Amino acid sequence: MITLQGTDSIFGEINLSGAKNAALPLMVGACLCSEDVILHNMPVELNDVKVMLFILNSIGYNVTVEDHSMIFHTPSLSDTKTDIPIDAGKIRYSLLLLPLLLTQQGKVNNPVPGGCKLGDRKYDIHLDSLRKMGASIVETENEIIGNLNDGFHGADLLFHIATTSGSESAILAAVLAKGKTVIMNANTRPEVIDLINFLNSMGADISYKTRYIEVNGVEKLHGGEYTIIKDSHEAVSYMILAAMLRSEILVKDFNLNYITEDATLLKQIGVDVFEWGGNVYVSAKGKVLRPFSMATSPYPGINSDMQPILAALACTIEGESIVTDTRFNERFQYVNEFKKFGLDIVNYENCAVIHGCKNFEGADVFATDLRAGAALTFLGCCANGVTTIDNYYQTMRGYVGIIDKLNQLGVDIYEK
């Protein structure tokens with residue numbers, strides 16, 4: 001649980017951490033390499049990263065941590081286990097262990113994955129892709145059981161939804177497969193591109209353009225060093241907080257290349273957002289922001305992860321705003337928590353209609369998922385009085401040092 005006091009403004013610099021949603025697939029990809037790999041800028045403090053590290057070590061991969069780097073020592077595949085521990089069920093990215101172990105061992109037993117409870121988060125694309133590439137997969141109530149004879153083979157894959165982790169799973173299966181794999185309607189968002197760039201630096205043959213990925217299988221991947229991208233979700237989150245508090249911040253060593261739609265929306269409602277000297281400056285100081293309507297969409301559109309935080313922004317802007325999620329209806333579980341602040345927000349199926357206001361009171365709320373927790377935190381920063389947020393581990397799954405970073409910006413926030 002955390003407690004925070006509302007504030008009038010924030011000011012300062014944000015140093016971004018490595019992206020969680022890039023780190024997890026890169027950790028699995030590093031295990032495909034036949035030599036040592038070092039990954040830098042890893043968000044080792046995050047719970048999901050710790051879980052993946054535990055899983056990899058427990059099934060026989062020798063991974064060590066030094067500061068914010070991970071060293072993947074050349075695996076002894078004869079010692080690698082194919083029964084993945086129950087802890088894998090805590091994170092959705094455990095699905096990426098399927099192509100890893102099927103490639104290297106030809107079999108796998110994986111617990112049904114977890115992660116944020118966002119409703120019907122199907123993983124049919126993961127399993128269908130692996131089946132089309134040659135695997136036999138059976139699902140039980142608690143487990144996914146896979147077998148593969150003579151390795152993966154290339155295939156043409158057409159996704160019915162542009163899924164991020166589904167795209168990464170197919171890439172990991174295809175990189176050492178026989179022949180060419182084409183992934184159509186892939187989600188080519190920054191974390192997927194980072195996986196592609198990493199694998200190519202290790203000897204893979206992967207090309208891409210928007211919503212399209214082509215993988216020519218190679219015999220092996222060599223070792224090396226790679227620095228993962230900074231967390232664009234973290235950057236956008238703090239940029240939105242500055243807008244909510246009509247304040248200004250500097251996001252260090254960052255650019256707008258991967259967040260053009262997010263930045264455009266902020267500019268359209270009246271926030272100053274610009275690059276200078278390798279940093280991003282955000283200012284809403286003295287601004288009267290305009291209400292807005294937005295809908296999430298696959299990259300390069302605004303990601304579903306950001307919609308709860310944009311809904312929190314809308315709560316601070318007078319007038320009617322509409323936030324629509326085209327992917328996860330269940331992300332709107334936060335609406336009832338927002339109402340505890342006295343806010344005027346209602347959820348209709350896949351959208352929230354918000355009538356914002358200047359003043360509202362702190363409240364005792366519950367973080368229903370990772371991004372909802374961040375949105376509630378930012379509302380607490382804007383509210384009059386004290387806010388407490390329970391189940392806060394959810395937020396700490398995706399934001400490295402959020403309490404320290406908010407303290408540095410001038411927010412009185414602490415963990416109980």
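Just so it is clear, none of the values below were taken in a lab; they were calculated from the coordinates. Everything numeric in this text was worked out from a predicted model, so none of it was measured. Glycine also receives a Cβ, built like all others from the backbone with ideal geometry; neighbour counts cover every protein chain displayed.
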Margin query: Using a Gaussian network model on the chain with a 10 Å cutoff between Cα atoms, which of Asp156, Asp262, Asp305 fluctuates the most?
Written below: Asp156
Check: Dividing the alpha-carbon Rg of the stretch 87-244 by 2.2 N^0.38 Å yields what?
Finding: 1.07
Note to self: Order these by the 10 Å Cβ neighbour count, fewest first: Ile403, Ile59.
What the structure shows: Ile403, Ile59
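Sorted by mean Cβ packing within 10 Å, highest first, what order do the peptides 144-154, 236-246 take?
Per-residue Cβ counts within 10 Å, averaged per peptide and sorted highest first, yield 236-246, 144-154.
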Item checked: At q = 0.11, 0.16, 0.18 Å⁻¹, base-10 log of I(q)/I(0) for the stretch 185-311 (Debye sum, equal scatterers on each alpha carbon) -> -0.47, -0.84, -0.98
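Can you give the Rg to Rh ratio of the chain, both from alpha-carbon atoms, with Rh computed by the Kirkwood formula?
Radius of gyration over Kirkwood radius for the chain works out to 0.98.
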Notebook entry, point to check: Short version: ³J(HN,Hα) in whole Hz for each residue of the stretch 399-410, in order, from phi by Karplus 6.51 cos²θ - 1.76 cosθ + 1.60 (θ = phi - 60°), x for Gly and Pro, what are they?
Noted result: 10, 5, x, 4, 5, 5, 5, 5, 4, 5, 8, x
Next item on the list: Please report, in whole Å, how far the alpha carbons of the stretch 256-388 spread along each principal axis, starting with the longest.
Entry: 41, 33, 25
Checklist line | Cα gyration tensor shape of the stretch 39-89, rounded if a/c is under 1.5, else prolate or oblate by comparing a/b with b/c | finding: oblate
Notebook entry, point to check: With the contact rule set at Cα under 8 Å and sequence spacing of 6 or more, what percent relative contact order holds for the chain?
Noted result: 20
Check: Most fluctuating residue of Gly277, Gly342, Gly380 in a GNM of the chain with Cα springs under 10 Å: which is it?
Finding: Gly277
Margin query: I need the peptides 158-166, 47-55 ranked by packing, meaning the mean over residues of other C-beta atoms within 10 angstrom, with the highest value on top.
Written below: 47-55, 158-166
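Rank-order 279-292, 365-378, 33-46, 93-106 by packing density, defined as the average count of other C-beta atoms within 10 Å over each peptide's residues, highest first.
Order by mean packing, descending: 365-378, 93-106, 33-46, 279-292.
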Check: Within the P(r) computed for the stretch 1-71, what percentage of the Cα pairs occupies the region above 22 Å?
Finding: 34
Check: Expressed in whole Å with the largest first, what are the equivalent ellipsoid semi-axes of the stretch 16-129 derived from the C-alpha gyration tensor as the square root of 5 times each eigenvalue?
Finding: 21, 19, 12
Margin query: Let me see the P(r) profile for the stretch 79-171: every Cα-Cα distance counted, bins of 10 Å, each bin given as a percent of all pairs.
Written below: 17, 53, 28, 3
Item checked: Where a label projected 7 Å from the Cα of Asp404 along Cα→Cβ would reach, residues of the stretch 52-96 with amide N under 12 Å -> 68
Note to self: Suppose we keep just the alpha-carbon trace of the stretch 281-323; what are its Rg and Dmax in angstrom?
What the structure shows: 11.5, 33
Item checked: Packing-based exposure ordering (other Cβ within 10 Å, fewest first) of Cys351, Cys357 -> Cys357, Cys351
Margin query: Mean-square fluctuation check for the chain, GNM, Cα pairs under 10 Å: which of Glu141, Glu320, Glu214 is largest?
Written below: Glu141
Next item on the list: Could you work out the Kirkwood radius for the stretch 168-236, taking every pair of different alpha carbons, averaging 1/r and inverting it, reported in Å?
Entry: 12.5
